[in-house]
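The values are calculated or read from the model by the stated rules, or taken from the named source; none is laboratory data. Note that the structure is a prediction, hence the values are computed from the model and not measured. Glycine gets a Cβ as well: all are built from the backbone with ideal geometry, and neighbour counts include every protein chain shown. To get the accessible areas, we keep the full protein, side chains included, count just its heavy atoms, and leave off ligands, DNA and RNA. Shrake-Rupley method; radii C 1.70, N 1.55, O 1.52, S 1.80 Å.
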Amino acid sequence: MIKVAFFDAKAYDKPSFEQYGSLYDLRFKYFETKLNEDTVDLAKGCDAICVFVNDTVNAAVIDRLHEYGVRLIALRSAGYNNVDLPAAFGKIHVVHVPAYSPYAVAEHAIALLLTSVRRIHKAYNRTREFNFSLNGLTGFDFHGKTVGVIGTGKIGRIFIDICRGFGMNVIAHDLFPAKDSGIAYVPLDELLEKSDIISLHCPLTEDTRHLINAAAIEKMKKGVVIVNTSRGGLIDAEALLEGIKARKVGAACLDVYEEEADVFFEDRSGHILNDDLLSRLISMPNVIVTSHQAFLTEEALNNIAETTVKNIRSCFDRDGMCDNELCYRCGKIEQCRKERKEKCF
Ligand code: NAI
């Protein structure tokens, strides 16, 4: 029986993990707290830990886990920017769930976009109070608009397909353009200049942090709608707020926020929010915030649990070899994931 400390556990996580855990002989110890230097001791006596996007897996945490004999860090997410992979290399294997439902995220991006552009959030509140006025609810047609997609991986490609269904002109930017995809790739500046809507679907890396900053916003069309369902750090939120106040940015749809770790996923309704920037953004009539909800569909939760449990099982059964391992042997994670045919260390 493999013992797994499960951090940042939520009620909606448990049913699928219990189901697959019992099938694969894993025992989960659920902790509602997030993993960080203060809570890492909870992993003592466990063989593996299971973490999500806002758990802190830095070098100090990794060293303590290594000291306690933890052999595996299993991310139940696709993104892994919260894990110090160079620090883990040679000590603890790291696995993730590369894809669980790219449809869930792409469809949420579209849901946010439609809600924002057609003012559904405002109409919903109005009609509940029998206010049937249409004043201030004017939107715009998607058809014929130009949407710029940054990052054309699994989620970006699905988002593009949906946008094409609306009759939108799609342009895209990616470091590694997908060959023979029929996607019109353009340099980043051109995308910023030409797009009516910009949707972010690239990972957060040192290169992409604050990809959308004051300089980038300056290049955009007046009234641009920005959608971020990837990672909060892709956007300099202060610059975004300034862009909104200057009426340059027409609307923002945010499922992620750079400082979300202490706020998102929790009920803070009875509290005074200390984050003035987030409060100000939420107070804007043209900003919609969801709290990292894009992944949250039944299909995705099932896939996450099944893949995570299989990842853990295969790492222990195959002595550290797992198809979904992230490692830093070559210092280039993307390349490593494509070329690795044996265990990393
Ligand atoms: P993917 O790995 O399939 O695609 C990412 C794409 O971004 C790749 O084509 C890559 O070449 C490109 N890219 C990397 N650096 C870039 C750069 N500097 N400029 C432009 N493109 C760049 O990833 P996938 O599955 O499509 O996910 C995208 C992101 O969505 C993840 O990194 C994650 O942060 C986020 N995500 C958010 C979720 C949510 O619930 N809000 C759930 C799942 C993922």
Could you grab me the full set of residues in the stretch 222-233 that are part of a helix (DSSP H, G or I) and without any contact (Cβ under 8 Å) to a residue 60 or more places away in the chain? Gly232
Of all residues in the stretch 266-296, count the ones that are touching a residue at least 40 places away in the same chain (Cβ under 8 Å) and touching a Ser or Thr at 6+ places or on another chain (Cβ under 6 Å). 2
Single residue of the stretch 162-180 satisfying the filter (within 24 Å of Tyr100 (Cα to Cα) and touching a strand residue (DSSP E or B) at 6+ places or on another chain (Cβ under 9 Å)) that is surrounded by the fewest Cβ atoms within 10 Å (Cβ to Cβ): Pro177
Candidates Gly243, Gly250, filtered to the one that is assigned to a helix (DSSP H, G or I), at pLDDT 95 or above and open to solvent by less than 40 Å² (accessible area, probe 1.4 Å): Gly243
So is Ala106 open to solvent by 30 Å² or more (accessible area, probe 1.4 Å), within 16 Å of the ligand (Cβ to nearest atom) and in the same structural domain as Met220 (by TED's automatic domain parsing) or not? no
Enumeration of residues in the stretch 6-27 that are assigned to a loop (DSSP other than H, G, I, E, B) and either open to solvent by less than 10 Å² (accessible area, probe 1.4 Å) or among the acidic types (Asp, Glu) (or both): Phe7, Asp8, Ala9, Asp13, Asp25
Across the stretch 279-294, what is the total count of residues that are among the small types (Gly, Ala, Ser) and either assigned to a strand (DSSP E or B) or within 16 Å of the ligand (Cβ to nearest atom) (or both)? 2
Residue under question is Val227, and the condition is that it be open to solvent by less than 20 Å² (accessible area, probe 1.4 Å), closer than 20 Å to Ser283 by Cβ and either more than 12 Å from the ligand (Cβ to nearest atom) or more than 19 Å from the chain's Cα centre (by Cα) (or both); does it hold? no
Could you list all residues from the stretch 145-159 that are more than 6 Å from the ligand (Cβ to nearest atom) and open to solvent by 40 Å² or more (accessible area, probe 1.4 Å)? Lys145, Arg157
Exactly one of (1) away from the ligand (no atom under 12 Å from the Cβ); (2) open to solvent by 40 Å² or more (accessible area, probe 1.4 Å) is unmet by Arg209. Its number? (1)
